[in-house]
Amino acid sequence: MATLSHKYLAGLNNSQFSKLIKEQKSKQTGQIKKVRSLLTTIEHYLFAWDKVDCCLLVKNLLDADSWAEDTKDSCTKSSKDRFLKVTLTDAPVFQVENIQANLDGSLIVLSGPQGVAYVELPSNLPSLEAKQQGPSVKSARSSYIDQKFLLCNSRIRIQEVKFHPGSPTNSHVVVLTSDNCLRIYDAFNSSRPEKTIPVGPKMSQHSLHSSITSGTTFSSCLDEAVSFDFGTPFEDTRVTVVPQKRDGVPIFLFPVYILLTNGDVYTFSCSVQSNSSRAPKISVIGPLLMQPAALDNYGGDACSLLCLPVSPPVLVIANRTGNIHHAILLPRATIEDGDDSDHNPNIADDLESLLSKASLTASPDVKADSVLHVTETLELDGDILDCSESFSTEDYLDGNESALQLRRDPACSSRYFVVHDYGVHGVVVPLVDTLSELASKPDSDVDQDETQRVMLAETVVEFILCSRMKSSAAAPPQGVVVYPLPPTLIVMLDSADFQVISLSRLLKPAVKAAPTTNTAKVEKEPFDAIIRRQLQRTHSQPKLSLPPGTELPLAEVVKLFSRSVQTLREEYIMKQDAVREALEKKSRLLELHLLQQFDELSLIQQSKGELTTVAHQLAEKYEDSLETQKSLTQRVEKVLYEIQRRSPFMTDAEKKMGQELRSLETKLQALTQSMESLKRREQLYGAKVSQQQDRNTTSGHLSEEQKTSVNEALSLQSEDIRGLLRSLQQVKKKLAV
């Protein structure tokens with residue numbers, strides 16, 4: 001997917017797309033001013049609802065930057081300033097207040113208090129853009145959802161509509177109605193709901209009739225369901241007669257949380273993968289107990305609910321009075337008995353103990369004994385000039401059915417936006433990221449320090465965009481979407497102007513370090529982290545975008561200017577001065593350290609030269625010492641040899657050699673005697689032979705065999721004699737030595 005340029009849609013507000021929306025806005029009269037959601041995105045395409053022509057306008061966000069850059073070439077500029085107009089085959093007759101696209105971008109649902117419809121988008125949407133300047137018109141199929149019940153029934157009002165995130169075909173729509181029922185429809189077979197789940201107390205016919213007033217304005221009942229959201233899915237492991245797999249794919253259940261106007265929260269888990277009649281009956285749990293307990297149940301005028309994707313789930317509950325509650329859904333089994341009575345004065349320690357006992361890696365399935373533990377309550381600023389001003393004034397509540405609406409940030413799971421009559425607030429909840437880190441670890445690796453660090457992270461609230469002043473007319477935003485690449489907030493104001501805000505410039509959460517024990521090793525904080533901490537802004541001045549023609553009193557202008565100057569001084573100039581002083585101090589210290597290191601380097605070089613000279617001298621002395629040692633060793637060997645040779649006492653080696661000589665002498669004598677005996681035998685044998693020859697002169701000579709035997713015997717005796725002679729000579733040599 002292509003990304004936006006660094007100019008962040010610089011040409012969107014001046015494009016033909018924006019001009020057409022402004023023209024259509026000027027044709028509308030007598031419409032109630034309230035917060036709406038008439039924008040949605042599919043990839044890099046921006047969709048807006050045209051309330052006059054009842055059609056969809058499509059703008060390629062990539063062209064918004066390129067159109068603004070090509071300001072010199074008028075032809076290129078005209079060709080890129082284009083958009084698409086999608087007309088509907090069956091335009092809705094009700095007032096559309098919310099549009100939403102499904103996950104694959106094939107459907108867009110249109111909803112209002114009096115009806116729900118959907119639009120099938122063309123599959124070749126990128127090829128439908130016109131090459132010439134201006135709009136290109138294309139028709140798309142549209143149809144109502146349960147027209148007979150939702151549109152024609154005057155006693156039913158649609159509270160909220162969302163696509164089911166677990167739909168296999170991305171076509172299932174969930175509708176919350178004023179009769180406290182949640183209905184699930186398939187857009188391609190929308191004549192009747194596939195499932196109807198009643199939630200909360202049953203609405204009577206009288207209260208249904210009394211909840212409807214003229215036009216599209218309704219008065220809320222105290223026990224009326226107003227908002228819902230989906231939680232993190234989990235695999236269905238229930239033991240039933242129905243197979244828990246469909247075509248080999250496991251079935252996942254999605255928790256659904258429903259908010260009532262009195263602050264009660266109900267929940268159940270369901271799936272649209274299996275709609276068999278033998279499927280387990282859906283059991284609704286609620287109202288969930290909220291801790292610490294409050295007399296007013298944390299406000300009796302709730303209007304919007306949002307579930308942040310983390311385990312355990314974190315629910316965001318908004319009231320029309322401007323209060324927002326963050327609550328963690330935990331099993332009741334982890335709550336101690338003494339915590340049910342009164343307010344706990346130390347909520348952080350209490351929640352820390354809960355998190356240390358609760359399993360963060362458990363299934364997100366909600367049990368009947370689950371408890372919503374409220375961790376913090378935020379109070380939004382209702383006026384840019386007076387931080388103490390909230391949304392609870394009667395002038396503000398009159399004529400505003402849904403004062404606050406919560407919008408999820410798809411680019412950041414821990415951030416959401418609050419859209420209201422005064423503009424847009426951004427809220428970052430570091431608790432979500434910290435819980436995600438803890439959930440990824442085994443339970444044995446999660447210690448008390450980590451759970452304590454969870455509670456030390458403070459939520460950051462920032463007033464991003466201000467659309468009206470306290471004295472000016474109401475100008476609620478008509479659409480808020482987030483483009484993820486790069487993270488950019490696009491807001492369509494009541495005047496049809498587009499405001500583009502880079503989310504990378506918003507306030508970041510400043511997480512405090514967990515307190516270390518005496519035995520723990522304290523690590524030094526890096527200097528760049530110190531600079532970032534000093535530059536961290538605690539609050540900011542929202543972007544002011546008032547409707548055209550708004551005239552502010554001089555006192556408000558002066559006060560606004562004074563507050564802007566004060567914010568600039570406190571959040572930028574003073575902090576930058578402090579950082580400049582820290583950098584100068586660090587620079588001076590580094591210069592001193594550098595000079596000291598240069599001095600040490602010169603000393604090291606000098607010491608190196610001296611050590612080199614000493615090393616050469618030591619090497620020469622070492623060589624002389626080796627020669628002297630060699631000569632002395634030879635002299636000592638000679639002296640020891642002479643001493644040993646002249647010693648009057650015999651050594652063990654000499655004694656051993658003497659014994660060997662005596663044994664050899666004995667053997668030599670024996671050999672000598674043997675030789676003499678052999679010689680005598682030889683003489684006798686020679687005499688006998690000569691006599692025999694003389695007597696047998698006529699008888700002939702010895703045979704050949706006899707001669708051979710005699711020669712061999714003589715040869716062996718000769719070899720023995722030679723060996724004995726050699727041994728004798730060797731003994732004599734040794735004795736001579």
At 0.36 nm per residue, minus the direct Cα-Cα distance, what do S647 and L618 gain on full extension? Give it in nm, one decimal, please. 6.3 nm
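Report in % the part of the accessible area of segment 590-707 that belongs to carbon and sulfur, leaving out ligands and nucleic acids; probe 1.4 Å.
Details: 6350 of 11210 Å².
Ligands and nucleic acids excluded, carbon and sulfur give 57 percent.
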Would you grab the residues whose amide H sits under 5 Å from the one on C55? Only those 5+ places off in sequence or on another chain, please, with H modelled 1.01 Å from N. D50
Using a 1.4 angstrom probe and counting only protein chains, how large is the accessible area of H616 in Å², to 10? 120
For K667, K707, what's the largest-to-smallest order of accessible area, 1.4 Å probe? K667, K707
Amide proton proximity set for N153, modelled H, under 5 Å, gap of 5+: none
Restricting things to alpha carbons, tell me how big segment 609-737 is in terms of Rg and Dmax, in Å. 31.9, 111
Between G423 and residues 5 or more places away or on another chain, which pairs have amide H atoms under 5 Å apart, with H built 1.01 Å from N, and which residues are they? S467
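Order the peptides 678-685, 562-569, 497-504 from the highest to the lowest mean number of other Cβ atoms within 10 Å of their residues. Walk me through the numbers before you get to the answer.
Numbers: 678-685: 11.0, 562-569: 12.8, 497-504: 18.0.
Going from most to least packed, we get 497-504, 562-569, 678-685.
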Expressed in square angstrom to the nearest 10, the accessible area of M574 with a 1.4 Å probe stands at 100
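So if each residue of separation counts as 0.36 nm, and I subtract the Cα-Cα distance between R588 and Q729, what length gain in nm does that give?
Numbers: separation 141, 0.36 × 141 = 50.76 nm, distance 9.55 nm.
Stretched fully, the R588-Q729 segment lengthens by 41.2 nm.
Just the number please: accessible area per residue for segment 587-635, 1.4 Å probe, all protein chains included, in Å².
On the way: 4640 Å² over 49 residues.
About 95 Å² of surface per residue is accessible.
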Sequence of K148, K559 when ordered by accessible area, the most exposed leading, probe 1.4 angstrom: K148, K559
Would you mind checking the pairs K33/K138; K656/K732; K679/K733; K33/K543; K524/K586 and listing those with alpha carbons more than 25 angstrom apart? K33/K138; K679/K733
Estimated vicinal HN-Hα couplings, Hz - segment 250-265 in sequence order (Karplus 6.51, -1.76, 1.60; Gly, Pro = x): x, 8, 10, 9, 10, x, 10, 10, 10, 10, 9, 5, 7, x, 6, 10
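Provide the gained length on full extension for the span A578 to D90, in nm with one decimal, where the gain is 0.36 nm per separating residue minus the Cα-Cα distance.
Values: separation 488, 0.36 × 488 = 175.68 nm, distance 6.28 nm.
Once the chain is fully extended between A578 and D90, it gains 169.4 nm.
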If a paramagnetic tag sat 7 Å from the Cα of Q717 along the Cα-Cβ line, which residues of segment 651-686 would have the backbone N under 13 Å from that point? 674-686
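The values are calculated or read from the model by the stated rules, or taken from the named source; none is laboratory data. Just so you know, these numbers come straight off a predicted model, no measurement behind them. Because the Cβ atoms are built from the backbone with ideal geometry, glycine has one as well, and the counts that use them run over all protein chains shown. Accessible surface areas use protein heavy atoms only, side chains included; no ligands, DNA or RNA. Shrake-Rupley method; radii C 1.70, N 1.55, O 1.52, S 1.80 Å.
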